[in-house]
Structure formats: structure tokens, C-alpha cells
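The values are calculated or read from the model by the stated rules, or taken from the named source; none is laboratory data. From a predicted model like this one, the values you see are computed outputs, not experimental measurements. Reconstructed Cβ throughout: ideal geometry from the backbone, glycine too, with neighbour counts over all protein chains shown. When the accessible area is computed, the model is the full protein with side chains, heavy atoms only, and any ligands, DNA or RNA have been set aside. Shrake-Rupley method; radii C 1.70, N 1.55, O 1.52, S 1.80 Å.
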Amino acid sequence: MEKTLNWKCDFKLLPPLICLFLITFIDRTNIANAKIEGMTTDLKMKGNDYNMSLWILNIPYICLAVPSNLLMKKGFVKPQMYLSGIMFCWALCTIGLGCTKTFKGVLACRFLMGVFESGFVPGCAYLIGRYYKRRDFSVRYALFFGAAVLAGAFGGFLAYAIEHMNKVGGYAGWRWIFIIEGCITIVGVVVALLCIPSYPEDSTFLKPEEKQYLLAMLKNDAGKSRPNHYSSLVIKECLLDPKIWLGTLAYFGADNAASSIVSFQPTILKSLGYSNAQAQVHTIPVYIVALCALLICAYVSGKVGHRYSFLMFAAAIGIIGWSIELAQVKAVSARYFGMFAITASAYIQMPILVVWLSNNMGGNAKAAFATGFMIGIGNCGNLVSSNVFITDQSPRYKTGFGTGLGLNILGVVASTALELYCWTANRRRDAGKEDSKLDSSSEVLRDLGDDHPDFRY
């Protein structure tokens, strides 16, 4: 029954979300492709104007991720309605980027994109987590997150193809990148409405006996204390839980690496001597290799039920990549290899960190908060990357590469602290040192979540 349920959920839930995330990530990253196709020249952008157009999106993205997930948790709107609604809004903003005549128009469209995109990735992560046991969640989320990596490759290919539309209809090629990809997103809205299921308890693709079995299985997997609501105790646990803060800090370091590659890889490759078309095409293998590494590590980590060692493996690859770029090796092939290492490192770490934190949250209420908090606040890495790759430092970008190396090491420290915290807590509970909490009232025990003595990280 469990295998049957997993297969049914896989085919119903994952394909539409993966397709939509692919579209979403292309919309977020296409500005990097448009930049080298003449956007900054046509709009008379100077100095660090491009950097500003990157980080302004992240202000609402960071601030609204948690409120968005709490709104989804409350169930005021069905997941398919909510996700498709925000998709439609940011699709209009993407098309607006292709039509704007001024730099101020770019800032306005990018800010509104951040408002509407803020709820998509945390919302999808929360929805996927509602359907699977903790050990099964890792591979499913990795498959979903792999769409972001695939989008990097597909976005480069699409930009390469669209650039040949230069002057069609009187529009520059970079404008068509935004317009066509925004129209593709609107098509994705129809997919979202028709294909995304609701939460397990409201699902219609499961038979009554399957739904009952799934809910019982998930409840048993989560343990005795599984708060599905917000109380003063649950909110306090969310805000003061060191696991959430440590996990978010590690995600912050990985996100900085990913956003650096997404926003500046075409520019960096062009500075190494490649033409516009060559720079677009050379981004594709980088993302394909990262996707393969992500899926392999996620699958193996899920099978063995362990995350930390895979994070350290990815961090080590990242340190090598950042060090090569920072050392400014003259060989173009070595610099290109650095791009592979940095990208693979970032995209291995990010989904594993989300799964690791979600697995260690007791209850849907806390999982919704933690997922939104990690992805939202961790996305501050975008604010850093968009300000440290300074235009005047091209092609060396010492500030950008040095910051990336430092944040990579910070992620190692945070992940290690999180591993030690979970290991120590499990040892204490195995030894019965937390059993005094069992004397609390039934209301308190109900809301303890992963702080319950019977919960194991």
C-alpha cells in the first residue's frame, strides 16, 4: 500500500510542480541572459544599476516567504489556486520587463516579481512535504529542485535561440527573451489550475481507503506530538529553535553561490573571451553536471537517512571552485571548471538543507514556518551576491569570489553545529534525560512537536 501511494503521489504531484518550477526559475534568471544581449545598453544602465535590478527582487521575496507559507497553512485558498494566482501575476511582470523603456521600469517589475514569487518555492516545498514520510521526502524534493538547475541550462539555450529574433517586430532580442518566457509562464498557470492536487486530506485522486492509510502513515512517521496549529508555545518554538537558525545560515551560504552563478555566469564567461552566443551555450553543461550531482547525492542521502556528510562533500567541492576563481588562474579551462564546481556545490546543498530541516520539524505548523523561513531569509544570499560582483572589478571580481569562499566556509560551520545539536539531543533522549517533559499537561505535550522526548532527529 505504501509503495502504491508513493507512486500515485509521485505521478500526480511532482510533474506539474517540476514543470512550473522550471518556468519560474527561467523567469528569475533570464535577466542575466538579457544583460549580455544589450539590455543595459538600450536602457542606459550605468555603474551598478544591473546589481540594483538583481537585489531589489529579493527584498519582498525575503520578507513575504514566511507569511505566504502561513497563509497556505491556514488553507484560506486551495494550493492550486494560490500557486497559479501568484504565477499569473509575476508572468505579467516578466512581460513588463520586455516592454519597459526605462531603468525605473526594470526596478518596478523586478520588485513586483519578488512579491509574487516569494510564496512559490516555499509553498511547493510545504505541499510536497505533506504527502511523504521523512525518508521519502528527500528524493522528491530533489527532483523538484532539480528543475531549477535544468532551468539554468534550458534558459541559456532558450536565450541563444531567442537572440536571433533581434529586431523582429521592432523589438530587440533581449526584449523577446522576457516577452516569450512571460507568455510561457501564463501557459503554466493553466497547468497549475488543472494538475496540482490539494492537501492529502482534501485530495480527490486517492481512494477513501488510500487517503485514510496515507494520513495514518504520516501521523505515525511524525511521532506522538504533531501540532497542526499555531499556539503561543508553537510560535515560541519556531522563533527560538536553533535548528531553524543554523539551517538558514547554511542555506544562506549555498544560496549566495547559486545566485552568483545564476546572475553573473554569462557575464563571467564573456569576460573570459567568449562571444555572446558562446557564453550562453557554455552555461548549459555547467547546469547539466550540477543536476546529475544533485540527484545522485539526494537519492543516496535519502537511502542511508543521512545528510551531513553529503553537505560536507558539496562544501569541499565549492571551496575548490571558489579558490580557483579567486586565485585568478589564467587558463580559461581552469576558470570554466571553477564554474562547474561552484554550481554543483550550491545545488547539492540547497535541497538537502531544506529536506534536513523539514525532516526535523515536528508537525505541519512548524514545518510550514521553517520551510518559509529557511528559503526566505536564506535568500539573503541573493542580496549579497548582487552587490559583491562589482562591475568595475570585471573580470577579476575579487570581492565576489572572496565573499563566496567565506560564506561557503560559514555554511560548513553552521551545518556542523546543526549536526552536533541533533546528535546530542538524540543521545540525551535515548538516555532518558528529557523524560521530565512527559509530566507536562496534555495540551503542552500536544504542542511540543520535535521537542517531545519521543521525537528523534
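Out of (1) among the β-branched types (Val, Ile, Thr); (2) modelled with pLDDT under 85; (3) in contact with a Gly (Cβ under 6 Å, 6 or more places away or on another chain), what's the single condition that is false for Val234?
(3)
For the range 319-335, give me the residue count where each residue is surrounded by fewer than 24 Cβ atoms within 10 Å (Cβ to Cβ) and within 24 Å of the chain's Cα centre (by Cα).
Filtering the range 319-335 down to residues surrounded by fewer than 24 Cβ atoms within 10 Å (Cβ to Cβ) leaves 319-320, 323-324, 326-335.
This time we only want the ones that are within 24 Å of the chain's Cα centre (by Cα), so: 319-320.
Total meeting the criteria: 2.
Looking at (1) open to solvent by 20 Å² or more (accessible area, probe 1.4 Å); (2) within 29 Å of Cys292 (Cβ to Cβ); (3) touching a residue at least 12 places away in the same chain (Cβ under 8 Å), which is the one condition that is false for Val187?
Here Val187 clears every test but (3).
Would you tally the residues in the range 83-130 being at pLDDT below 90 and not in a helix (DSSP H, G or I)?
The total comes to 3.
Rundown of residues vs (1) charged (D, E, K, R); (2) at pLDDT 85 or above; (3) within 18 Å of Val354 (Cα to Cα); (4) in a helix (DSSP H, G or I), yes/no style:
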site	(1), (2), (3), (4)
Ile268	no, no, no, yes
Thr283	no, no, no, yes
Tyr287	no, yes, no, yes
His306	no, yes, yes, no
Phe313	no, yes, yes, yes
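Might you let me know whether the range 346-355 holds any residue that is open to solvent by less than 40 Å² (accessible area, probe 1.4 Å), of a type in the set (Ser, Thr, Tyr) and more than 18 Å from Gly402 (Cα to Cα)? Working first, answer last.
Restricting attention to the range 346-355, the residues satisfying the condition of being open to solvent by less than 40 Å² (accessible area, probe 1.4 Å) are 346-355.
Narrowing further to those that are of a type in the set (Ser, Thr, Tyr): 347.
Narrowing further to those that are more than 18 Å from Gly402 (Cα to Cα): 347.
Yes, that holds for at least one residue.
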